[in-house]
Every structure is written in C-alpha cells, then in structure tokens.
Amino acid sequence: MTRVFLTTGLCAALTGLVWGSDLLPATAKPLSEILQILEANGIAQVKEAEFDDGLWEIEGVRDQKGVELRVNPATGAILTEEADQHSHLPPATAKSALQIAQQLEGAGFKPVYEIEWKGKYWKAEAIHQNVRRDLHLSPETGEILSNELDD
C-alpha cells in the first residue's frame with residue numbers, strides 16, 4: 001500500500017514539474033496580444049507560436065525572410081531573433097495565426113499555448129473548461145474540425 005502512494009506521489013510531482021515549465025505565468029498576455037505586438041513590429045505570416053520553457057517561440061516572416069523569435073510572455077518584447085526558413089507558410093486564403101488566436105480566445109479557449117500551420121489546417125493547444133485540448137482548425141474559416149483531450 002505504501003508503494004502505491006509513493007509511486008502516485010512521485011508521478012504527480014514529476015507531472016507538476018513537466019507541466020510547470022510550460023505553464024503561462026499569471027502576468028502573461030494572451031497569445032492574440034503577443035501576435036498583435038509582433039505584427040506592429042513587422043512580423044508577418046506567423047506559422048508557429050508555441051509557449052515553451054517560459055518564453056513564446058514564434059516562427060514567422062520579417063521583410064520577406066524567415067525569422068525565429070523568443071518573446072517575453074508578459075511584455076511581448078522580442079528577446080532574440082534568428083534567421084529561419086519560411087517554407088510551408090499558410091496560403092493567402094487562410095486565416096492568420098492572429099485571427100485563429102482571437103477566434104479561439106473569443107470561444108473560451110484560454111490560454112492558447114500553441115498555434116501551428118500543419119500544411120492543410122491549423123493545429124492549436126489551449127485550455128477549455130480547465131482541460132487542455134488539442135484542436136485542428138479550418139484554415140479558411142477557423143472552424144474547429146477536431147477537439148480532443150491533449151495527452
């Protein structure tokens with residue numbers, strides 16, 4: 001019986017450590033606000049935004065060149081900017097990452113942890129009703145095509 005409790009406690013502690021590093025801080029701006037700040041600073045065609053290791057990691061385009069950014073979640077300040085390939089961008093007919101983030105947040109998916117262009121659809125991870133969800137969205141409408149529990 002003691003082993004069961006110890007194992008359960010250890011698993012819970014390790015899960016907390018893993019999730020803890022990827023939890024948005026209370027001071028973090030919503031992803032839509034981060035993307036608006038970046039857009040105002042010349043970042044276009046975001047193909048991926050992921051919260052990881054305490055920062056937003058954003059892949060997009062500046063001056064027709066691919067860039068990968070590390071962004072402060074509380075201020076939207078760009079901390080690092082490196083050259084990156086910008087292949088597999090969403091088509092002009094697709095909603096932007098900003099529009100997808102706004103649509104999800106407006107539908108109660110808060111916070112949004114990730115948005116990524118997958119070639120034929122947008123993939124997102126967000127919390128809805130206190131449960132982390134894995135979503136696939138229509139590129140043209142933003143309609144949720146699948147909504148599953150994120151493992």
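Values in this text are rule-based calculations from the coordinates and carry no lab data. Computed from a predicted structure; not experimentally measured. When we count neighbours, we look across all protein chains shown, and the Cβ atoms used for this are built from the backbone with ideal geometry, even at glycine.
Results, tabulated for the structure shown:
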| item | result |
| --- | --- |
| Residue ranges of strands (runs of 3 or more DSSP E) in the stretch 105-148 with at least 2 members closer than 20 Å to PHE51 by Cβ and in contact (Cβ under 8 Å) with a residue 40 or more places away in the chain | 112-117 |
| Qualifying residue in the stretch 84-95 (condition: in a strand (DSSP E or B), farther than 24 Å from THR141 by Cβ and either under 17 Å from the mean Cα position of the chain (by Cα) or not charged (D, E, K, R) (or both)) | no |
| Of all residues making up the stretch 25-79, the number that are loosely packed, with under 13 Cβ neighbours inside 10 Å, among the charged types (D, E, K, R) and not in a loop (DSSP other than H, G, I, E, B) | 2 |
| Residue in the stretch 80-114 that is nearest to ARG132 (Cα to Cα), counting only those that are hydrophobic (A, V, I, L, M, F, W, C) and in contact with a Leu (Cβ under 7 Å, 6 or more places away or on another chain) | VAL112 |
